[in-house]
Structure formats: C-alpha cells, structure tokens
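The values are calculated or read from the model by the stated rules, or taken from the named source; none is laboratory data. These numbers were taken from a predicted model, which means no experiment stands behind them. With ideal geometry, Cβ positions are generated from the backbone for all residues, glycine too; neighbour counts draw on all protein chains shown. Side chains included, ligands, DNA and RNA excluded: accessible areas come from the protein's heavy atoms. Shrake-Rupley method; radii C 1.70, N 1.55, O 1.52, S 1.80 Å.
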Amino acid sequence: MPERGALTLIFVAALVATVPLFAGDFWVSLTIKILVLGLLALSVDLLLGHAGLLSLCHAAFFAMSAYTVAILQVRYGVPMLIAVPAGLAMGTLLALVFGVSVRTRGVYFILVTIALGFIVWGVTYRWASFTGGDNGITNVPYPAIGDFQITSMTAYFYVVLLVVLGCVLAYRTLVRSPFGLVLRGLKSSESRMRSLGYSPLRHLYVAFVLSGFMASLAGVLYIYFNRFVNPATAHFHISVEAVLMAILGGTGTILGPFLGSVVIMVLRNWVSGFFPYYMTLMGLVFIVTVLFAPNGIIGLVNSWRARRARRAKTTDAVGTEPEAQPRPQP
Amino acid sequence: MSFIIQTINGLSLAALLFLLSAGFTLTFGLMRVVNLAHGALYLIGGYVGLSVVWTTDNFWLGIVAGGFFVVVLAALIDRFLIRPTGENHLAQVLLTVGVAIVIADIALAIWGGDNLRVPTPEMLRGPIFLPGDIIYPRYRFVLILFGLAAAVIMWVLYRRTQIGAIVRAGVDDREMASALGININLLFALVFAVGAFLAGVAGVVGGAFLTLYPGVEWEILILALVVVIVGGLGSLEGAIVGSVIVGLIDAYGRWLMPEMSYFVIFAPMAVLLLVRPTGIFGQEH
C-alpha cells in the first residue's frame, strides 16, 4: 500500500506532467533541465544528506556518460540502445574508480573529490583529438530505437519525467531500506556503527557508486535533450550547482533537490536574460543559504510549521502532534 | 637538454604553487578553515596588482599592492562570513565557494574576459644563459629563486623562531595553547593575513607568466589542492615537497603527453590516497 510520501511524489509528478498543456516550449525545456539537474542534485544528496559526505565531483559522472553517448553516437554511429547502457556503464565505472575517495573523511574528502572532478574536466578540455576540446561534440542525434524517433520536445519531456519518477521511487526505497539506515547511522556516528559491526568503508563505497550511477543517468537524459556536450558540462561549477540545489532545497529529502533545482534553473535561464551578473547572484544565494538557511527551503517550511503547531498547542491545549524538529545541519 | 629545461619549468611552477599552498595549508592547520576562495584571492590579487603596474609602471609596487589588497579582503571575508559559521567546516567550504564565485564574477565585470599578462620590469625580461648552453626566460628563473627564498624564510620562521613555535602549538592543540596564555585569535588573524598576502603576491607573480583570465582561479586552486593532498593538509613541509612534486610532474606531463597532462598530475595523488590517505606529512585530524 503506497503511503502518504509516495502519493505526494506521484501527485507532484502528475502536476509537472501538465506543464506542456499550458506552457510553451521555453517552459517545457526549462522543466526538462530542472528535472535532469534535480536528478543530479538528488544523486549528490544521497551522499550529502544521508551519508554526510559532501562530494564536489558529480559533474564528472554526469559528463562521462554524456560524452560516452555523444562520442559513440556521433563518431561511431552506434545506436541508442547500445550507447545508453555504455554511457551508464562508463559513468558508473568512473564512480567505481573515484570511490577510493571514501577512504578519506570530512574536508579531505571534499578536497579529494574536487581534484578528481577536475581530472575529467581536464581530459575533456585537453584531449581535443578525441573529445573535441573546447568545441565539444555537436549534432548528437535525436533519441531513437530502430525507426521510432523522438523529435518533439514534449515527447522527450514525458520520457524524462517517467525516468526521473522511476528513479525517485527507487531512491526512496533505497534510503528507507536498512542500507539507508546504515548510511544515516554512519553520518551521526561512524565509530558507533563500526563497533556495531558495520563496515563504514564498504557501505560508503556502495553509496558512492550508486550515487555515481544516478549522476550518469542524469547525464544520459541531458545529452539527448541538449544534443551537444562540451567541457563546461564537466566543470566544477556544475558540481557546485548540484550541491547548491540540494542544500537550497533541503538535504536528506527527496523534493528538496528538485525544489533547489527549480530556483537555480529559473535564476539561470530566466533572470540571466535581463540581469547580467547571474554568477554573482548564484554566489550570493550560496552564501545566504549557508549562513541563514542551512536546512534549505524544506527546513524553513518545517520549522515554520513546527512554530505554528506549538502556538496552536499553547492556545487551545488540544494541539496536533508537534512536527519533527528540523534535521541538524549537515 | 629539454629534460633540464622541463625541470626548470617545473620548479618555477613549484615556486608559484608553494606561495599559494603555504597559506592554504597553514590556514587549515591552525583554524581548520578550508578556504576554497584561495584561488579567487589569487585572481583578484593578480588583477589589482596588474592595474597598479599599469598605472604606476612599477612591478614591485604591484606585488605589494596585490598582496595587501587581498589581506584586507580576506580579513573582511573572515570576520563577516567565515567566523559566523563557527566550527561547521562543511558550511565553511560551501561558503567560500560562494565567495569565490562572487569575486570571480566581479573581476570579470571589471577586467573583462581576455587573457591579461602582468608586465614585468626591464631587469627581469629577456633570456638568461645557464651553464650547458641553456637559454631560459629570466623571469621564470628568478621566480624559482624567489620561491626558494620564500620557502626558506617560512620554514625558518615556522621551525626556528618563537612565533613559529606558537603557531605550531596552535596547530597541534588549540585549546592547550590558548590555556597557556597565547592570544589565539590574534594568532589566527596573523596566519590568515600571511596566507592571504602570499596568495595575492602569487596572483601578481603568476599573472606575469601564466596570465590572468576567468577560470584561472579554479585551475590554480586545483593544483594547490593536489599539492596539499599529496604533501599533507596543515603541514608546511608538505606544501614545500608537494609543490616540487606537482610542479615537476605537471611540466613533464605537458612535455611528454600534452593531451593527458591533467590526468598525469592526479595519478600520484590517487596512488597516495590508496597508500596514505593523509598525505606525506599529514596527520589525522
């Protein structure tokens, strides 16, 4: 029996599904970007919100799968049915390698992931004979299985929505499983979990690889939308943006990263049309979020609801159950 | 022959990397603050120095101005943004990323997106003739001497003087040092200022041969990160050794396999992570 949380997600997805009915192509394409980068942010949040590890290299997995698909399709004419699994495999393989970073903790982990992420950027940028260098790879074909081709934006929008919804439901099962509990246990006290017999290294490594797989999936969705990839896709800024989305929305939640994605993408695609200092604005959003709303939008809503519930309780004594306290900041 | 030239190339990059990573690593060692805006401080220091050189035609004034401008800027960032986060290192990392983005965007608005080179004074221009018929740019050769001098001065200060002993005490055990009557806040401010000054100086010095452009703040920060990861976070000796290792590997990498040069720098880092996650001189934190 699906309970309230799952129903909420399906309800939100149904709402999002109505976007093409009343909005033009600009908003449909913006919604696709929001969903795809929201998925990337969600993959970052598996590590950040649950395991307490801040990874700044997720653009690497994202770009790795996007580049793999683009190169296979454009340069070798490989059909989508093979290019997509290959892209996912390459992104996940990269995560298997970069997973060594879970040997480190805290700030060291952050620094190591930044450095690892830059390898991929450096390769896409400098290995010009293979990756196209700064120009990237253009003219990626429309997604197609055999003769069936998806060329309309709206059709691809529904593909993205379905994949993201499926991914979100799987993610939800994952974080509510014993595995997710172990991750959160590791976040609050690694030594205690170790003394209970859990292997931190093994669990964090698996979480890292799963997270890398999700980021690769976002990369595949992205390449068939954008149909063009260049080193900017692998840049540190994308990793940073994904983390910002997760924190801005609220870490440790499912809707949070997508909410953050809505805010950032609207800033980037709409506000930047009339305000040239988009990057400054993003930096300021970053600073303000960290200083004043470390639990993000969902954290703000929760604490506001908790306050209201307390007030209701004191006035009419028969108050509702107090809301859960906001999560401690990451 | 080209091996020797590449070695000198690597050492001159190492000199620059040392200026940058010394401040980064000491700031972390003492305050546990990971300042990811360090690259942006390099960038803005370089740009300010450049403007000063343009207007006064004095390279040395440019270096000093770049350094001091960054000290003031870093003090403001520290006082109003980093301190309020207290001991939350994760928040600090994110905060300094935001600061770096803002600084870089403002720099882009003021100095534009072109590659700008800080003009060097007459006495540092032209080639230098080294033994063995090696002709090498004088500026980069002098930079090696400059980096070497900075490393020696820093090391002597750190290991052989009273103030160095106080800093080391602070790195080892902050509470104990403060209980012994050391003004820990003053010490923090001092070390932070020195680190920021070196970053600003590095910006001007590096801008004269690597040029300044949007994006260099992350490229140079990454190299400094690899230095401190290899050398060990919080260790001055680690910064020295790490700079030399990374500088040389980068030079040889660019020479032998230019398309894979980025990859080559990170290989020793990955190996080291497997063998010794804390770096060569690092300790568990």
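The table below gives the values:
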{"read-out": "Number of the condition not met by A:Val168 [criteria: (1) open to solvent by less than 20 Å² (accessible area, probe 1.4 Å); (2) modelled with pLDDT under 90; (3) of a type in the set (Val, Ile, Thr)]", "value": "(2)"}
{"read-out": "Identity of the residue in the stretch B:1-27, aromatic (Phe, Trp, Tyr) and surrounded by 23 or more Cβ atoms within 10 Å (Cβ to Cβ), that ends up farthest from A:Tyr108 (Cα to Cα)", "value": "B:Phe18"}
{"read-out": "Helices (runs of 4 or more DSSP H) within the stretch B:169-285 that include 1 or more residues open to solvent by 50 Å² or more (accessible area, probe 1.4 Å) and of a type in the set (A, V, I, L, M, F, W, C)", "value": "B:174-179, B:184-207, B:236-256, B:261-275"}
{"read-out": "Residue match in the stretch B:48-69 (condition: open to solvent by 10 Å² or more (accessible area, probe 1.4 Å) and either within 14 Å of another protein chain (Cβ to nearest Cβ) or not in a helix (DSSP H, G or I) (or both))", "value": "yes"}
{"read-out": "Residue among A:Ser129, A:Ser65 that alone is surrounded by 23 or more Cβ atoms within 10 Å (Cβ to Cβ) and part of a helix (DSSP H, G or I)", "value": "A:Ser65"}
{"read-out": "Selected residue (criterion: nearest to the other protein chains (Cβ to nearest Cβ)) from residues of the stretch A:250-281 that are touching a residue at least 40 places away in the same chain (Cβ under 8 Å) and among the polar types (S, T, N, Q)", "value": "A:Thr251"}
{"read-out": "Complete set of residues in the stretch A:282-308 that are more than 9 Å from chain B (Cβ to nearest Cβ), surrounded by 15 or more Cβ atoms within 10 Å (Cβ to Cβ), among the hydrophobic types (A, V, I, L, M, F, W, C) and not in a loop (DSSP other than H, G, I, E, B)", "value": "A:Ile297, A:Ile298, A:Val301, A:Ala306"}
{"read-out": "Of all residues making up the stretch A:107-126, the number that are open to solvent by 10 Å² or more (accessible area, probe 1.4 Å) and over 15 Å from A:Ala63 (Cβ atoms)", "value": "2"}
{"read-out": "Enumeration of residues in the stretch B:250-285 that are in contact with a helix residue (DSSP H, G or I) (Cβ under 7 Å, 6 or more places away or on another chain) and away from chain A (no Cβ under 13 Å)", "value": "B:Ala251, B:Tyr252, B:Trp255, B:Ile280, B:Phe281"}
{"read-out": "Subset of the stretch B:123-144 (residues that are open to solvent by 90 Å² or more (accessible area, probe 1.4 Å) and either farther than 23 Å from B:Asn58 by Cα or assigned to a helix (DSSP H, G or I) (or both))", "value": "B:Met123, B:Phe129, B:Pro131, B:Asp133, B:Ile135"}
{"read-out": "Options A:Gly212, A:Gly197, A:Gly180, A:Gly185; residue that is free of Cβ contacts under 8 Å to residues at least 12 places away in the same chain and either part of a loop (DSSP other than H, G, I, E, B) or not aliphatic (A, V, I, L, M) (or both)", "value": "A:Gly197"}
{"read-out": "Any hit, the stretch A:80-93, residues being in contact (Cβ under 8 Å) with a residue 24 or more places away in the chain, open to solvent by less than 50 Å² (accessible area, probe 1.4 Å) and out of contact with any helix residue (DSSP H, G or I) (no Cβ under 6 Å at 6 or more places or on another chain)", "value": "yes"}
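Matching residues to (1) hydroxyl-bearing (Ser, Thr, Tyr); (2) surrounded by 11 or more Cβ atoms within 10 Å (Cβ to Cβ); (3) over 17 Å from A:Leu221 (Cα atoms):
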residue: A:Asp147; (1), (2), (3): no, no, yes
residue: A:Thr151; (1), (2), (3): yes, no, no
residue: A:Tyr158; (1), (2), (3): yes, yes, no
residue: A:Val164; (1), (2), (3): no, yes, no
residue: A:Arg172; (1), (2), (3): no, yes, yes
residue: A:Leu181; (1), (2), (3): no, yes, yes
residue: A:Glu190; (1), (2), (3): no, yes, yes
